[in-house]
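Structure first, then comments.
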Amino acid sequence: MAFRGFQPSHAAGAAAPDGARGSVAGLAPGDASLLFDPEGLQLPGTDGLEVTAAFAAAIEALRKIPTSVVDYDRLANDAIVGLLGQSAELHRLADACLAIVSGQLERRSAPELGSAGLARQQGHRTPIQMAKVVGRLPGQDAAKALRGGRLIHDTQIAATPTPDGASPIDPITGAVFAPAQGWLAPVGHALTHGLSLAAAESIQRGLGTPTEGVPEGALLSAARRLVVEAESLDPDLLLERARRARDELDLAGIGLREEERRQKRSLTFVQQKDGMSRLVWLMDPETAAGVGEVFDRVTSPRRGGPRHGAGTAVQHHADRILADARSTEQLASDEFAQLLRIGVDADSSALLGTGAPAVRILTTRPPRQMASQPAGAGDDADAGAGDDADAGADGRASADSGIERIAPAGSTFGPGWLEGQRDPVSPETVARLTCAGSTSEIPVDDSGQPLDVGREQRLFNQKQRIAISARDGGCRSGDVDGNGSCDRPPSWTEVHHVEQWKRDNGRTDIANGILMCKYHHLQLHNQGWEIHRDRATYWLVPPTSVDPKQTPRQMASRSEAMKQLVRFSATDVGAPLPPRHPPFG
């Protein structure tokens, strides 16, 4: 069925323009006489009355769902988990309906219609204002629904067959229709098949727009992959995946986006009417990495950081912070104020522990340099005063993603990741930071496992922690599908023995260590979770109380550099990628 537009309301008794019921596909470019047609409400096999009846029936069915808490108190945990998923599905279906109707509102209120537009007819200045008032929606949600409706409309119009293969005509302007964001067609299609508006926004924001170096076709392919991944990712994780996909496509863009963020930095001092003052500091990732490291020194024992360190000084520092009577926020305020007062001449060990802030950055050599080394070899750079640098590399780029864009000719390094920051920095920034600090190489095997010799002491030493941090990137409690994921950086983690020290006589080797934050480390021991290892791939096995079948869940590394290195190894050396199914029973 050809798409049809809609005829705006006319003055009482006025007749509709001639030809106002013709299909859009039959219009000639520039023919704007056909604007709206009531038949446009039609869906395949339905008419307008059936659409409104379907909405009414759905609402009536939802009203019959019990809302008494007592009814839900009687349900088993498995039932609650199932209802949570079904409730989210209802929310996504309602999202699609809201987007489609909001898209109709926007099109019927197009500026070309003037006072005949729907929103202005109803006494509203804009479609967003009408959506807020009629739908009782926050402005942000109203705008999101209109964008989703626009995307659904563009996708469906672009796919509508027209006579003799002619280009479709925009029903508002009468001009030849061209989708504004054609690379998002898979997203527009998925919005009517269970994709949430929030997920669609994540893909759109993360991928950005085509450039000279990133053609529309490349973004279209990325959008298709992300729509599939969206089935198992929440919108926040999906945004990270989308941004990562963009960075893999556009090495030059990494530097541009890095500079854009740097230009947004600011520090504002605001005096309040109550006599207090507020400091607003918007930091670019590089600045945040250094300031965040100091902030963690001050507060991490209070916020779930490690409970013990490699030496008595670290332990004493953590105990002092835990025993302090001030709130965490007051402690941070006082320590930063003191740090500013005493400046660079201060004895930093008396205030925040030894050493100036250390910024660790992980990177890899470009593939052309790696090809001349043993399979899987890589290096890390770690820049910072008084701290040994380390590196680990790993990536998620597909085998056909094109090695040449990962590191330009003549680069010493590929893109890098500041520890604790999500977005990559350019090879030029990596080179600048490593020039100011020291570097060390961490050899890895072709599965991405850092190599070292066995250690007989109970605790992992600093060099081992550096290598494990490069491989893991933070707490590894979550699986590869994003379930149970944790955002705690390496500085907040403890190293768990996969084969436990006492129970299994486990060794203090890098391969036998894995980063866990305090919360997930305690949960693992107290609830009976287990971790199994196959080379550099780790599997989390739940207790029978959580999963009677104890189905292993592949644990995800949060180190983008290490993922990149593993992908390079698989592409250049022919090594297999980590399995998605456990090699053990």
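The values are calculated or read from the model by the stated rules, or taken from the named source; none is laboratory data. All values reported here derive from a predicted model rather than from experimental measurement. Cβ sites come from the backbone with ideal geometry, for glycine too, and all protein chains shown count toward neighbours. Note: accessible area is taken over every heavy atom of the protein model, side chains too, but ligands, DNA and RNA are not part of it. Shrake-Rupley method; radii C 1.70, N 1.55, O 1.52, S 1.80 Å.
Might you check whether a residue that is closer than 19 Å to Arg241 by Cβ and in a helix (DSSP H, G or I) occurs anywhere in the stretch 490-507? So far as the stretch 490-507 goes, no, none of its residues is closer than 19 Å to Arg241 by Cβ and in a helix (DSSP H, G or I). Taken over the stretch 283-301, residues that are closer than 27 Å to Ile321 by Cβ and outside any helix (DSSP H, G or I) amount to 3.
In this structure, is Gln122 more than 26 Å from Arg246 (Cα to Cα) and in the same structural domain as Glu216 (by the TED database)? Yes. When Leu233, Leu219 are checked against the criterion of being over 21 Å from Leu146 (Cα atoms) and in contact (Cβ under 8 Å) with a residue 60 or more places away in the chain, a single residue qualifies: Leu233.
If we keep just the residues of the stretch 467-493 that are hydroxyl-bearing (Ser, Thr, Tyr) and either more than 14 Å from the chain's Cα centre (by Cα) or not assigned by the TED database to the domain that holds Lys563 (or both), which is surrounded by the fewest Cβ atoms within 10 Å (Cβ to Cβ)? Result: Ser491. Here Pro161 meets each of (1) open to solvent by 30 Å² or more (accessible area, probe 1.4 Å); (2) in a helix (DSSP H, G or I) with one exception, condition (2). Among the residues of the stretch 471-504, the ones that are at pLDDT 80 or above and among the polar types (S, T, N, Q) come to 3 in all.
Tally up the residues in the stretch 65-110 that are in a helix (DSSP H, G or I), polar (S, T, N, Q) and exposed (fewer than 12 other Cβ atoms within 10 Å of the Cβ), please. Steps first, answer last, please.
At the first step, the residues of the stretch 65-110 found to be in a helix (DSSP H, G or I) are 69-73, 77-108.
Subsequent filtering for residues that are polar (S, T, N, Q) retains 77, 86-87, 102, 104.
If we keep only those that are exposed (fewer than 12 other Cβ atoms within 10 Å of the Cβ) too, we end up with 77, 86-87.
Qualifying residue count for the region: 3.
Considering the stretch 238-273, and only residues there that are modelled with pLDDT under 90 and part of a loop (DSSP other than H, G, I, E, B), the residue that is farthest from Ala289 (Cα to Cα) turns out to be Lys273.
Going residue by residue through the stretch 143-154, is there one that turns out to be over 26 Å from Ala230 (Cβ atoms) and in contact (Cβ under 8 Å) with a residue 24 or more places away in the chain? Talk me through it step by step, then tell me what you get.
Narrowing the stretch 143-154 to residues over 26 Å from Ala230 (Cβ atoms): none.
So far as the stretch 143-154 goes, no, none of its residues is over 26 Å from Ala230 (Cβ atoms) and in contact (Cβ under 8 Å) with a residue 24 or more places away in the chain.
Does Lys132 fit the bill of being of a type in the set (Lys, Arg) and surrounded by fewer than 19 Cβ atoms within 10 Å (Cβ to Cβ)? Please lay out each step first, then the result.
Numbers: of a type in the set (Lys, Arg): yes; surrounded by fewer than 19 Cβ atoms within 10 Å (Cβ to Cβ): yes.
Yes, satisfied.
Among the residues of the stretch 166-187, none qualifies, meaning not one is under 21 Å from Val51 (Cβ atoms) and modelled with pLDDT of 90 or more. Among the residues of the stretch 219-232, those that are surrounded by fewer than 21 Cβ atoms within 10 Å (Cβ to Cβ) and either of a type in the set (A, V, I, L, M, F, W, C) or part of a helix (DSSP H, G or I) (or both) comprise Leu220, Ser221, Arg224, Arg225, Val228, Glu229.
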